[in-house]
Amino acid sequence: MPGANTTATDLLDAPPEGLLPEDFDPVALVLCEFYGDRPETNTQILRETERSGVGLSAATAALAARTGVPRDPEDCDTVTSAPLPVVWAVNKQDRAVRLGLPKDGCGQLKNDPLAAVYELPAISVEEYELPIFS
């Protein structure tokens, strides 16, 4: 995963969970997501895509959107068990902040923030095969 290690003293002025510090200037977003299975090797593929370019500010702003007001679970569709993607903002010093993913009132990911990330041009793509334990 991107970013340098931090010590506990580095975290004293940390922003609220999932948000960028005010003085953090991202130059790229890194999206980590499960991409698929390889049954022949009993592995899953984790894809790490670095994205940057025009639209970075819009994507970062979309990721900062608030999570919706919780709704009555009876009014919500069934929750999926698919693994959630993870988004990191990276600055010029290769420091990274893990961003929160805004959810609707039913706890489902909002589509717009991830769509804004996917619209950014891919700078690099790496894939990792992870063993599936049964």
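Tabulated values for the structure
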item: q = 0.17, 0.24, 0.29 Å⁻¹: log10 I(q)/I(0) that the Debye formula gives for region 28-79, counting C-alpha atoms only; result: -0.83, -0.90, -1.05
item: q = 0.22, 0.33 Å⁻¹: log10 I(q)/I(0) that the Debye formula gives for region 54-101, counting C-alpha atoms only; result: -0.97, -1.22
item: By average C-beta atoms within 10 angstrom, highest first, the peptides 122-130, 88-96; result: 88-96, 122-130
item: Nearest-0.05 FRET efficiency for R66 and S124, computed from C-beta distance (R0 30 Å); result: 0.45
item: Residues of region 94-134 with amide N under 14 Å of a point placed 7 Å along Cα→Cβ from T41; result: 126-132
item: E22-C76 pseudo-label distance in nm [points 7 Å out on the Cα-to-Cβ vector]; result: 3.3
item: Volume per residue that the Cα convex hull of region 34-121 spans, once the total is divided by residue count, Å³; result: 121
item: Cα-based equivalent ellipsoid of region 83-122: semi-axis lengths in Å, sorted from largest, via gyration tensor; result: 22, 13, 8
item: Accessible surface of region 40-125 [probe 1.4 Å, protein heavy atoms]: carbon and sulfur percent; result: 50
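The values are calculated or read from the model by the stated rules, or taken from the named source; none is laboratory data. Please read all numbers here as calculations on a predicted model, not as lab measurements. Here the Cβ is made from the backbone with ideal geometry for all residues, glycine too, and neighbour counts use every protein chain on show. For accessibility, only protein heavy atoms count, side chains too; no ligands or nucleic acids. Shrake-Rupley method; radii C 1.70, N 1.55, O 1.52, S 1.80 Å.
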